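Here the structure is laid out as structure tokens; the discussion comes afterwards.
The values are calculated or read from the model by the stated rules, or taken from the named source; none is laboratory data. This one's a predicted model, so the numbers in the text were calculated from it and none came from an experiment. Note: ideal-geometry Cβ built from the backbone for every residue, glycine included; neighbour counts use all protein chains shown. Areas reflect the complete protein model, heavy atoms only, side chains present, ligands, DNA and RNA absent. Shrake-Rupley method; radii C 1.70, N 1.55, O 1.52, S 1.80 Å.
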Amino acid sequence: MNEILDGLLDTVEGVDPVVRTLLAGLFIMLETSVLIGLIVPGDTVVLVASTAVDSPVEYFALAITCIAGALAGGSIGFWIGRTIGPWLRASRAGRLIGERNWVRAENFLDHRGGIAVFISRFLPVLHSLTPLTVGMSTLRYRTFILWLAAASTIWSFLYVSVGSAAAGTYRELDDTLSWAAYLFVGIILAFLVVVWIVKKLLDRYSSRFADRPGDHDARTRED
């Protein structure tokens, strides 16, 4: 098992650090701007890239690049929504996403405003639809980007920290423990279970608002 994990980690480390970091930022940008995140989750790319982090410089570079990618992608999604949002929603791609998902994103935003932007960053589907939905709403760009920045900072440092910590722990124990690879897998699986639980709780919270019509004014917030 250790040999298999060594091969996988070596493959990731073999990618140039700058390329690796930029690719992670690119995937994060795409998942919040053109719906690619519905197909290839950016969190998987970031978690894999973080296993190759071997210095504070690489750690902060990856985290900051992911934050920048999320803000850039969110901004692109916002302006796509503001300019061609209704057309995109009615297009074939929009219909494939499902009208129910569009309505849920719209209702949640109507009820909770900026808080919906923050929470949606941690939820599947909504994290890709929310920037587009905000662009079609009354919420100001400044409010949107501030809430997105807060959520993206937490998200980025969390994923980069777990991935780099798991890989770092494995490398320290690889020579002394024959089951070090299982420890690495255990850390990642435990993290993913916690993430799944948190997403379920946030999804339950969002459903309280997403399943009933709002007031069509995302600047107001229902407490």
Whole-Å distance linking the alpha carbon centroid of region 197-213 with that of region 103-133 is 10
With label points set 7 Å from each Cα along the Cα-to-Cβ direction at Leu183 and Val15, the distance between them in nm comes to 2.6
Here the FRET efficiency for Glu3 versus Leu96, based on Cβ atoms and R0 = 41 Å and rounded to 0.05, is 0.45
In degrees rounded to 10, the 0-90 angle between helix 99-112 Cα long axis and the longest Cα principal axis of the chain is 80
Computed for the chain: size of charge dipole around the Cα centre, +1 on C-beta of each Lys and Arg, -1 on C-beta of each Asp and Glu, debye to nearest 20, value 1360
Here the alpha-carbon Rg of region 45-163 over 2.2 N^0.38 Å rounds to 1.13
Expected sort for 17-30, 197-210, 136-149, 116-129 on mean C-beta neighbours within 10 Å, highest first, is 116-129, 17-30, 136-149, 197-210
Of Thr130, Thr65, Thr11, the most mobile residue in a GNM of the chain (C-alpha springs, cutoff 10 Å) is Thr11
The size of the Cβ-based charge dipole (Lys, Arg +1; Asp, Glu -1) of region 82-134 about the Cα centre, to the nearest 20 debye, is 120
With Cα springs under 10 Å, the Gaussian network model of the chain assigns the largest mean-square fluctuation among Ile154, Ile80, Ile64 to Ile154
Per the helix-only model, the chain has a calculated mean residue ellipticity at 222 nm (DSSP H runs of ≥4, -39500 (n - 2.57) each, divided over all residues, rounded to the nearest 500) of -26000 deg cm²/dmol
Between Thr138 and Ile64, Cβ-based FRET efficiency (R0 30 Å, step 0.05) works out to 0.45
Per the Kirkwood formula over distinct C-alpha pairs, the hydrodynamic radius of the chain in angstrom is 18.2
In Å², rounded to a whole number, the accessible area per residue of the chain with probe 1.4 Å is 50
Ranking Trp87, Leu146, Gly98 by how far each Cα lies towards the positive end of the charge dipole of the chain (+1 on Lys and Arg Cβ, -1 on Asp and Glu Cβ), the top one is Trp87
Rounded to the nearest 10, the angle in degrees between the Cα long axis of helix 126-135 and the longest principal axis of the Cα atoms of the chain comes to 40
In the chain the accessible area split gives carbon plus sulfur, as whole percent at 1.4 Å, a share of 68
Nearest 10, in degrees from 0 to 90: the angle of helix 141-173 to the longest Cα principal axis of the chain is 20
